[in-house]
Structures are given as C-alpha cells and as structure tokens.
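Have a look at the structure below, then the notes.
The values are calculated or read from the model by the stated rules, or taken from the named source; none is laboratory data. Fair warning: this is a prediction, and the values are worked out from it, not measured in the lab. Positions of Cβ are generated from backbone atoms using ideal geometry, with glycine treated the same way; all protein chains shown enter the neighbour counts.
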There are 2 protein chains.
Amino acid sequence: MLKAAEKRTEAPERFLFGPGPTNVDPRVYKAMAQPIVGMRDPFFFDCMAEVQTGLRSVFGTGNAVTFPVPGTGSSGMETAIANFVTPGMKTVIFANGLFADRQTEIAKRHGAQVVRFEKDWGEVFSADEAETFLERERPQVVAFVQAETSTGAFQQAKAITTPAKKIGAITIADCVTSLGAMPVEVDSNDIDVAYSCSQKGLSCPPGLSPITVSPRAWEWLQKRESIDTWYLDLRLLTKWWDAPHVYHHTPPTTLIYAIREALAVIEEEGLKSRWERHHRAHERLVTGLGRLGFEPFVSNPENRIWHLVTARVPSGVNEAELRTRLMEKYGIDMAAGIGKLSGQILRIGIMGPLATDEKIDFLLDAISSSM
Amino acid sequence: MLKAAEKRTEAPERFLFGPGPTNVDPRVYKAMAQPIVGMRDPFFFDCMAEVQTGLRSVFGTGNAVTFPVPGTGSSGMETAIANFVTPGMKTVIFANGLFADRQTEIAKRHGAQVVRFEKDWGEVFSADEAETFLERERPQVVAFVQAETSTGAFQQAKAITTPAKKIGAITIADCVTSLGAMPVEVDSNDIDVAYSCSQKGLSCPPGLSPITVSPRAWEWLQKRESIDTWYLDLRLLTKWWDAPHVYHHTPPTTLIYAIREALAVIEEEGLKSRWERHHRAHERLVTGLGRLGFEPFVSNPENRIWHLVTARVPSGVNEAELRTRLMEKYGIDMAAGIGKLSGQILRIGIMGPLATDEKIDFLLDAISSSM
C-alpha cells in the first residue's frame, strides 16, 4: 500500500540554503497548480512566447534560439555538447571543478577529442592564460563553467571567449548556477551557447534547462549532417518552440507555467535590483561567517559566486554534524562539498527568497547556535 | 513587459479529450504545489521509493530497475534505445505508426542497423507474422509500440515477445499511451524494456517518462562498455534512484510529488477497476460515435486502445472545423490525425477523470450539436 494513498503528499517546509533546488515564490506554486491545457492551446503558445522573452532578458541576449530544454540542468549541458561537438572535433575544456569534469565526460561520450586546461578546484582562468592555451591548441569548440557549483568560483567569461573568438571556436558556457542571480550577459560576453537550470537563480522548481544559441553557432549547426541524439536535437526543439510549432515532444505544461511566473517575478523586481540584492546578501553572509571563524574557500572576492558561498568550517567543527543539527533544529538544508571537496567545505546557497538581510541573519544565528 | 508580470498566470479550464496531456485529479495539483525540499531530504527519498513501488504495480512487474526518467515520454524512448542498442546492432522495428517511425529514427541516430517490418497504419502484427519475420532476420533487439498513439491500435505484446525471446533478442516496448489505463503487464508479457509517460493513462502532468528493465536486460547492460549519452545513461540514473543515491541530476521535485500522488489515486481506485472503467468508457464512446456516423479507424475491436479512440468523420463533416467549434463552445480539446493520417481521423482521448459515463455523454452531446 502506498503511503500517499492513506495520507496525501504533504512535504515539510524547509529553508533551502543549498545550491538548489531553492525556495520558490508562492506565486510560482500557484501558477504551477493552474489547469493543464492542450499542447496546441493558444494559451499555451502564449506562455511559451512569454518564457522565451523572459529568458532572453535574464540571459542578456537577443538570440532568437532561446528556450528551455525539457529536462533538468544537465540535459542542457548534454544538449549544448551533443549539438555543437561532432565526433573527432577538438574541444578544449577549462577544468576547475566537478561540472567541467561532467562537460569532459559528455564530450567524450559524443566522440570529441578533448584537451583539458586543468587548474585546482576553486581557481579561475585569466585572459592571458586562456589566450596562450587556446592559441597553442586551436580547438574548434571551447567549453567552460561560468559559475562552478562545486567550488563557488565565478569565471569571467570574456577571459575565455575573447581568445576563443579570435581562433574562430564556438564557446559553450555552463550558466547553471549564475542565471537569474548575477550577470550572465551572453551577448556582451560573446558566449555562443549558454545553458542553465530552473531551480537556482531563477527560483523555480527543477525540471527545465534554459538554453540560448548565438546566430553564428546556429548557422554552423544548420550545416551539420547528423546528430546522435533525438530528444535533445536543437533543430527539432526549435521547430517546436517556433511557429508553426512542429510536434516533437509533449511539453511539461506545469513547469512552463512555473518558469513563466518565475520570470515575471524577476521582471517585477528588476533584474539589476535582483543581482544587487544577491550581492548584498553575499557580503552580509561572508562577513557573518568570518565572525564565526569560517574562511571563504575562494580566496579572491572577485572570483566568488554571490549566491553560492563556499566556506571551510573552523577547526574543531564537524561539517556533517553541523548540517544535521541545522536540519533537525531549523529545517535548514545546506550542502556539503562534493567530489574532491567532500567533507572539506560547506556550500551555502542564498537564492531568490533567501537572499534577504532577515534570512541571512536567521541563518547566521542558526549556525552560531549549532556549532 | 511580460504579461504574467501584470497579471498572474491563469490557465483556462479545458476538457482534454486528446491523446494527452489529460485532465488531472485535483489531489495531484495540490501535491505538486507542496513545498520543494532538498534532493537528499529523507522526505524526498521516501517519495522516490513510493514512486518506484507504484510504477512497478502499474507496469505489472517485479523489476528492481523501475523509475521515471527526468524528461517527457520521448526521453524514455531515447533512453531505452540508447542504452540497449549499440552501433551496428541489428534491430527489428515493427512499424505501423508514427511512434515506430520515431523509434526507427532514434535507433539510426544511435548507429543501429535497422530492419523494419512495415504494415499499414492502424494494422497490428500477428504471432505468426512476427515469428516468421524474426526467425528470418534474427536481430539482437526488437522494438514495437504497444499502444500506437497515432492510430489507436493496440499490439498484443506476446505476439512479438515470444518469438523474440526464442532467438534471444531484447525487446523494447513503447507503452507511452497504455500505462495506467489498460493492461501493460510487463512481466507476464515477457517485455524486457518498457517506457511510458506521465501525462496519459497515469493522469499526471507531463514531464516524466517511467521506464522498467528486466533482470536479463539489466545483466546485458552491465557488460556494455560505453554509451553515447550521459543524461539518459540508465546505469547512472539507477545509481541515483537506488541507495546511497549517487548524485547525477537535480530531480524535478514537484513532478515526483505529482506522480507519487497520481499513483496513489490509481491504487485507491484499484488498477483493475481503473482498466475496466476505461474499457466501459471506450464502448460507450464507440457506440455513441457510431450513432453519429463516425466509423472506427481500427476495424477489429480487439486491436483498439480503450482510452484513445480513433475515428473517421462522416462525409460532409470537416474535422478541423468540428474541433474548432468544440473548443470555442465547450472548451473541448481534441486531436487531429498526425503524419499520414493528418486530416483523415479524429483522435479522442478518454483518460483518467474523463473516462466516466457522464463525461462521455457530455462529449457525445457536444459533438452532435457541433457537426
């Protein structure tokens, strides 16, 4: 007998101070519970158009090809790589964390000849370093992670895209953690292909992966002969998103309602005000953590993701026990380090509804009384 | 300015008499609007376990590997094929509709050597025909569609799986439209790999693709060296679904809540009662349509999907105009033929909350007054 048959699904209220999913505006829950309509309903086509407009705004792009892939953030990563990497193609990956490793793994599965520029986790790449490496390797595709969720490091996109453009390479940027909470700026950063997720900076439920493609990359894709995925084929997905909406898959209706509403929430606040709010929350949290003896994992403040703070716990404090106490006493969900950083750092997300003075102070008090 | 910023997302109420998405029980909407929790929250792991139990029940299987793939129904199709078809592998596809064509396309993209057994759309395959073909071709993989959404035809699985088993081939069944509304019976039908969707027979929002894998097929997969997709890699997905839940993607929390509740709704009704309800609704609709001059597209009643009725419109009636009138006057969303059958048939879904005497009579009255 399913428990849900005896008792309806009732989830506990949590404070999601992890790297995502994050807490969601009540408006978004309400939108998601709106009645489902058919996939060719004029109302639904209208929602789709709104989602595209809203995504162009948060991505900072005029790219026509901009929409959510029907899967979680990692489906966007696979979409970007599967479409723009052909078997044997030389692909440079700037590797400084778990998600660059994932890019590597996916690129290899699609037959790429991968060359990695490796740095320690938490480090970022300078314009000079990137230029020297790319001039020497001269790849056709370059992939990097703008906001590395495993380390908390933020990579300046231009440092990589400028030399990549010089050698004519297509650039793929992982913006899974950055979108909606700090500047991604696809166009002014000369990014060709950017993908993200719904459940971090956009404060929407997980399940969608926004993607955007520059006209230059799109033109390249038109000439590609075959591609080894059907579900994530961007040319087919685009035909569904654009009129006359050629059938490809049945869209996840309620998630489209949800992201439409989440994008409207962002527009009402104003994108720049939202960025600034996350920046203020970041500084308040880092200062507060410093008082409690937590050292930032990313040493240079300029290279830090604002809304995902990574910190080493003070000596004598067990990070796993701290997280358990926070969950038990306060319902605070916080993330541990992953991969190489397992057991070494905390990853504290302060996204959307949690990026306020009040919530940061609540979190700091909770940490302080749980150490 | 996004319209949703001025006015909240408010969807119109529709009667979804198409092939899906279908109308959803209010309990499912309520579950979906429950607070999001972290992906390692004990409550969420509990939900995941419930979903696996519920899916095994509707699939009619004891398969350990049973869970929803984080994408729509077509992602399940690609998952099944990408995992069980290796480049160069001989793959027989029983082709009698659009979704068998899609299986063909996906198998080719993954490098299969495809041999198609073709029949007219709306036809099904007999045990003798299947055996003769398979004995001659001796493929390693056999794919077919149990409930063909484009034609309304239902294929008896055993007719194909019995001869396939004899030659040692792995069988892949598309159960996208059958699951939850009529018997799929994976185990007693000897199906190795079955995939489905959330938005048809399960009456849940779209966005998930339940899949199940037999121990025999799973054993085969363990020996496979590499696979050309990462997002849809079943071995990685299974490691996330099973304890200790190795991180792969961020799960679509709210859709997992939704399918958990939808499965509980089914359990409360009883799976067999639910099948019978859909069968009764089918007979009432076909009889009523007959009175109005609509001829069933699938001639043999035994080969018809119960909850997706396909019918030719009477001469003199324009099917597109009929659908427009039904939508405008009653908010009824009904589907046209697709592919080869475009303009020739109506596809009328009577799933979940719509498979009742009352709703069928409402639909028949609406059609009658709109002709």
Query raised in the report: Within region A:301-353, how many residues are acidic (Asp, Glu) and under 13 Å from residue A:19 (Cβ atoms)?
Result: 1
Query raised in the report: Can you spot a residue in region A:345-359 that is more than 14 Å from residue A:277 (Cα to Cα) and surrounded by fewer than 19 Cβ atoms within 10 Å (Cβ to Cβ)?
Result: no
Report summary line: Flagged pairs (Cβ under 8 angstrom, 6 or more apart or on separate chains; first in region B:102-124, more than 9 Å from chain A (Cβ to nearest Cβ) and closer than 15 Å to residue B:172 by Cβ; second acidic (Asp, Glu) and in a strand (DSSP E or B)) are B:103/B:174
**Report entry** Selection status of residue A:226, touching a residue at least 24 places away in the same chain (Cβ under 8 Å) and among the hydroxyl-bearing types (Ser, Thr, Tyr)
**Finding:** no
Report task. Pull up region A:6-19, narrow it to residues that are facing chain B (nearest Cβ under 7 Å) and crowded, with 18+ Cβ neighbours inside 10 Å, then point me to the one that is nearest to residue B:12 (Cα to Cα). Result -> A:9
Requested in this report: Select from region A:155-179 the residues that are surrounded by 24 or more Cβ atoms within 10 Å (Cβ to Cβ), in contact with a Pro (Cβ under 9 Å, 6 or more places away or on another chain) and either part of a loop (DSSP other than H, G, I, E, B) or of a type outside the set (A, V, I, L, M, F, W, C) (or both) and list them in ascending order.
Outcome: A:175, A:177, A:179
Report summary line: Checked against (1) within 9 Å of another protein chain (Cβ to nearest Cβ); (2) over 17 Å from the mean Cα position of the chain (by Cα), residue B:75 satisfies every condition except (2)
**Report entry** Total residues in region A:20-64, condition more than 9 Å from every other protein chain (Cβ to nearest Cβ), part of a loop (DSSP other than H, G, I, E, B) and of a type outside the set (S, T, N, Q)
**Finding:** 4
Report summary line: Given the conditions (1) closer than 23 Å to residue A:310 by Cα; (2) surrounded by 21 or more Cβ atoms within 10 Å (Cβ to Cβ), every one holds for residue A:71 apart from (1)
Report task. Under 8 Å between Cβ atoms, at least 6 apart or on separate chains: pull out the pairs that start in region A:47-67 with a residue that is aromatic (Phe, Trp, Tyr) and end on any residue that is part of a helix (DSSP H, G or I). Result -> A:67/A:48; A:67/A:51; A:67/A:52; A:67/A:55; A:67/A:237; A:67/A:238; A:67/A:241
Report task. Having 1 or more residues that are surrounded by fewer than 21 Cβ atoms within 10 Å (Cβ to Cβ) and among the hydrophobic types (A, V, I, L, M, F, W, C) is the bar; report the helices (runs of 4 or more DSSP H) wholly within region B:199-306 that clear it. Result -> B:215-222, B:234-241, B:271-291
Query raised in the report: Taking region B:104-136 as the region of interest, how many residues are closer than 21 Å to residue B:82 by Cα and not aliphatic (A, V, I, L, M)?
Result: 9
Query raised in the report: Can you find even one residue in region A:246-269 that is on the phi < 0 side of the Ramachandran plot, under 21 Å from the mean Cα position of the chain (by Cα) and without any contact (Cβ under 8 Å) to a residue 40 or more places away in the chain?
Result: yes
Report summary line: The lone condition residue B:46 fails out of (1) crowded, with 18+ Cβ neighbours inside 10 Å; (2) farther than 30 Å from residue B:359 by Cβ is (1)
Query raised in the report: Does any residue of region A:119-127 turn out to be surrounded by 24 or more Cβ atoms within 10 Å (Cβ to Cβ) and touching a Gly at 6+ places or on another chain (Cβ under 7 Å)?
Result: yes
Requested in this report: Return the total of residues in region B:131-154 being outside any loop (DSSP other than H, G, I, E, B) and surrounded by fewer than 21 Cβ atoms within 10 Å (Cβ to Cβ).
Outcome: 6
Report task. Name the single residue, out of those in region B:326-344 being loosely packed, with under 15 Cβ neighbours inside 10 Å and at pLDDT 95 or above, that is farthest from residue A:43 (Cα to Cα). Result -> B:329
Report summary line: Taking region A:78-88 and keeping residues in contact with a strand residue (DSSP E or B) (Cβ under 6 Å, 6 or more places away or on another chain) and not small (Gly, Ala, Ser) leaves A:79, A:84, A:85
Query raised in the report: So residue B:96 fits all but one of (1) free of Cβ contacts under 8 Å to residues at least 60 places away in the same chain; (2) surrounded by fewer than 22 Cβ atoms within 10 Å (Cβ to Cβ); what number is the exception?
Result: (2)
**Report entry** Subset of region B:218-267 (residues that are over 24 Å from residue B:200 (Cβ atoms) and of a type in the set (Gly, Ala, Ser))
**Finding:** B:226, B:243
Query raised in the report: Does region B:83-93 contain at least one residue that is at the interface with chain A (Cβ under 9 Å from one of its Cβ atoms) and touching a residue at least 12 places away in the same chain (Cβ under 8 Å)?
Result: no
Report summary line: Across region A:185-198, the tally of residues that are part of a loop (DSSP other than H, G, I, E, B) and crowded, with 24+ Cβ neighbours inside 10 Å stands at 6
Report summary line: Screening B:157, B:194, B:153 for residues that are over 25 Å from residue B:30 (Cα atoms), touching a strand residue (DSSP E or B) at 6+ places or on another chain (Cβ under 9 Å) and free of Cβ contacts under 8 Å to residues at least 40 places away in the same chain leaves only B:157
